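Undergrad: Starting off with a structure, shown below.
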Amino acid sequence: MGQDKDMERNKEQEKKGRGSGLLLEVDSMSYRYNEEGEWVLQDISFDVLPGEFVLVSGPSGQGKSTLLSCCNGVIPQIQGNGILKGDIRVCGQAVKELKICEISRLLGSVLQNAQEQIIFDLVKDEIAFPCENLHLECSEIDRRIEEATRMMELDPEDRTRKLSGGQMQRLITAATLSMEPQVLVLDEPLANLDLAFGKKLLQVLKEMCGQGKGVIFMEHRLDLVLPYVDKVLWLEDKKGSLFTEISAFQEFLKERGQRQESQRDQKALKAITTEREGEGRFLLTLDDLGFHIRGRHILRSIDLDIREGDKWLIIGDNGSGKTTLLKLMARLLKETEGSMTQSLVKRQGLVGKPEWYRKLGYVFQNPNYQLYMPSVIQEVLAQAKDKELGRQLLEHFELTGLGESHPHSLSEGQKRKLGIAAILAMEPEVLLLDEPTVGQDLRSLGLLRSCLLDPGLNKAKTMITITHDPRCAPLLGDKVCWLEKGRIRATGGLELLEQYFDKDKVCL
């Protein structure tokens, strides 16, 4: 009886919300995390009408994820220690008067760090779970699973732990879409997606808007998103600037100089193609390398030579095996076929041991996996060979002012910069980077590029980078390995980047 009453109440709330005209209304909202702390957001106001696609952007660490937590009720209902002012209404209902489960029926949230949100072993079970919480009939749940997996190009029978980072991102999106909320909020949804699927996701969301739904898209990839957007909320210095005309927002960007390539990047591009004279010694040789788990082949017949001084880029669509290949090189995984030989350490028995990882630095796709110290400054200095270099890296990445903060209190973009700084402070000879540009605004991208290409900050002569980001790829390497369905489609120079990105008609 109680469940039936809840369902009736939710139906009434949805009807009332649709009648109000606004799907989401944020009115003079301000928030700080404690009584003594500074305001993270101040006097933010905007709304979402049926059919609107709203972009929320701005520099890293400016409160985008906090805004999402206020809209979906996590603040203050779960994180209740802060100070929240102003009003937020979803489908005509005050968020502060609704339960989290009631809000989620109206407003769906797709968060960052997909792997941390996945509970079930099978794709179909992950999507079914929120539908079951809505007390839907089995036939309706099956329909929604079929539709969500089709849109997100997932196999409902796949095991979730076998999915790539991009496929996990698609899964949590599918699970949220299956609830069919009136408004959908996505936090950095393009972070781990290849460009082809990123474009498809945008098209799917635009079609949702055509059906009267609303979309709030929190993202730094402005070039890819702006063609789909109706208005923009720009967060910076705790304030929000609302642009209802995209042309006015583009003019705003030009005035800030965010579309211009810096002279530093042009010099870096020239340096990366001219700095190496001759070929260095072989560091890693992959011979017919393969990897499978429980009968499923993830990589096959990989032949690749990594020489000292090489700057390799690994590209390919989600699920093509990029992260698996990087983990095999790092010896975080062991190949099931073929072999890898190395000259990084003298004794083979040291491979995969502490001495190996002092010479080979690995930056994970998810920075939370490698942040373990109680403060930002300790994170960087803990294993730094040269403490002064560690401090220089903190200053370069504009993290000095956060030195005493806990690493996990930072924004996702700040965490990624911190993880890179901590590895660079160890002065590895080889640097492996898995999607280092995820969650970075344009200023942070410039800081990252200049750091990785500065031999005073990055002591690694050899660098291997996985990336989907056409903004940075040409500046981070001159050799390209293109993976497709677990095999090498091609290896070559930067011309392969043009072929790969042009196949989806996405301009460099």
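Undergrad: Restricting attention to region 193-249, which residues are farther than 26 Å from residue 154 by Cβ and open to solvent by 70 Å² or more (accessible area, probe 1.4 Å)?
TA: 223, 237, 239, 242, 244, 245, 247
Undergrad: Please go through (1) free of Cβ contacts under 8 Å to residues at least 40 places away in the same chain; (2) among the charged types (D, E, K, R); (3) within 13 Å of residue 423 (Cβ to Cβ) for residue 395 and return the number of the only condition it doesn't satisfy.
TA: Against the list (1) free of Cβ contacts under 8 Å to residues at least 40 places away in the same chain; (2) among the charged types (D, E, K, R); (3) within 13 Å of residue 423 (Cβ to Cβ), residue 395 comes up short only on (3).
Undergrad: Go through region 108-126 and give me each residue that's of a type in the set (A, V, I, L, M, F, W, C) and under 21 Å from the mean Cα position of the chain (by Cα). Show your work before the answer.
TA: Looking only at region 108-126, we keep the residues that are of a type in the set (A, V, I, L, M, F, W, C), and these are 110-111, 114, 118-120, 122-123.
The answer is 110, 111, 114, 118, 119, 123.
Undergrad: Okay, next question. So which residues in region 402-411 are out of contact with any helix residue (DSSP H, G or I) (no Cβ under 6 Å at 6 or more places or on another chain) and either hydroxyl-bearing (Ser, Thr, Tyr) or open to solvent by 40 Å² or more (accessible area, probe 1.4 Å) (or both)?
TA: Start the filter on region 402-411 by keeping residues that are out of contact with any helix residue (DSSP H, G or I) (no Cβ under 6 Å at 6 or more places or on another chain), which leaves 404, 406, 408-411.
Selection gives 404, 406, 408, 409, 411.
Undergrad: Before we move on, is residue 282 of a type in the set (Phe, Trp, Tyr), at pLDDT 65 or above and open to solvent by 70 Å² or more (accessible area, probe 1.4 Å)?
TA: On the way: of a type in the set (Phe, Trp, Tyr): yes; at pLDDT 65 or above: yes; open to solvent by 70 Å² or more (accessible area, probe 1.4 Å): yes.
So residue 282 passes the test.
Undergrad: When the residues of region 104-123 are filtered to those that are part of a loop (DSSP other than H, G, I, E, B) and modelled with pLDDT under 90, which remaining residue is most open to solvent (accessible area, probe 1.4 Å)? Reasoning before the result, please.
TA: Taking region 104-123 and keeping what is part of a loop (DSSP other than H, G, I, E, B), we get 111-113, 117-121.
Keeping just the survivors that are modelled with pLDDT under 90 gives 111-113, 117.
Working: 111: 69, 112: 40, 113: 33, 117: 53 Å².
Out of the qualifying residues, it is 111.
Undergrad: Is at least one residue of region 438-453 open to solvent by 10 Å² or more (accessible area, probe 1.4 Å), closer than 22 Å to residue 321 by Cβ and out of contact with any Phe, Trp or Tyr (no Cβ under 9 Å at 6 or more places or on another chain)? Break it down stepwise before answering.
TA: The initial filter retains those residues of region 438-453 that are open to solvent by 10 Å² or more (accessible area, probe 1.4 Å), namely 438-439, 441-443, 447, 449-450, 453.
Those still in the list that are closer than 22 Å to residue 321 by Cβ too: 438.
Filter again for out of contact with any Phe, Trp or Tyr (no Cβ under 9 Å at 6 or more places or on another chain), leaving 438.
Yes, some residue in region 438-453 is open to solvent by 10 Å² or more (accessible area, probe 1.4 Å), closer than 22 Å to residue 321 by Cβ and out of contact with any Phe, Trp or Tyr (no Cβ under 9 Å at 6 or more places or on another chain).
Undergrad: Something else now. Test residue 474 against the criterion of being outside any strand (DSSP E or B), open to solvent by 10 Å² or more (accessible area, probe 1.4 Å) and not acidic (Asp, Glu), and give yes or no. Quick ask: steps written out before the conclusion?
TA: Numbers: outside any strand (DSSP E or B): yes; open to solvent by 10 Å² or more (accessible area, probe 1.4 Å): yes; not acidic (Asp, Glu): yes.
Judged against the criteria, residue 474 is a match.
Undergrad: Across region 49-90, which residue is most open to solvent (accessible area, probe 1.4 Å) among those that are charged (D, E, K, R) and out of contact with any Leu (no Cβ under 9 Å at 6 or more places or on another chain)?
TA: So, considering only residues that are charged (D, E, K, R) and out of contact with any Leu (no Cβ under 9 Å at 6 or more places or on another chain), the one most open to solvent (accessible area, probe 1.4 Å) is 85.
Undergrad: Which condition does residue 247 not pass, out of (1) under 30 Å from residue 482 (Cβ atoms); (2) assigned to a helix (DSSP H, G or I), if it passes all the others?
TA: The failed condition is (1).
Undergrad: Scan region 137-161 for residues that are among the basic types (Lys, Arg) and surrounded by fewer than 15 Cβ atoms within 10 Å (Cβ to Cβ) and jot them down.
TA: Initially, region 137-161 is screened for residues among the basic types (Lys, Arg), giving 143-144, 150, 159, 161.
Correct list: 143, 150, 159, 161.
Undergrad: A follow-up question, please. What are the pairs, 6+ residues apart or on separate chains, where a residue within region 470-487 that is without any contact (Cβ under 8 Å) to a residue 24 or more places away in the chain has its Cβ under 9 Å from a residue that is surrounded by fewer than 20 Cβ atoms within 10 Å (Cβ to Cβ)?
TA: From region 470-487, no pairs qualify.
Undergrad: Now a separate question. Does residue 331 satisfy the condition of being within 27 Å of the chain's Cα centre (by Cα) and farther than 15 Å from residue 466 by Cβ? Steps first, answer last, please.
TA: Numbers: within 27 Å of the chain's Cα centre (by Cα): yes; farther than 15 Å from residue 466 by Cβ: yes.
Yes, satisfied.
The values are calculated or read from the model by the stated rules, or taken from the named source; none is laboratory data. Values in this document were obtained by computation on a predicted structure and should not be read as measured data. Because the Cβ atoms are built from the backbone with ideal geometry, glycine has one as well, and the counts that use them run over all protein chains shown. Note: areas computed on protein heavy atoms with side chains; ligands, DNA, RNA excluded. Shrake-Rupley method; radii C 1.70, N 1.55, O 1.52, S 1.80 Å.
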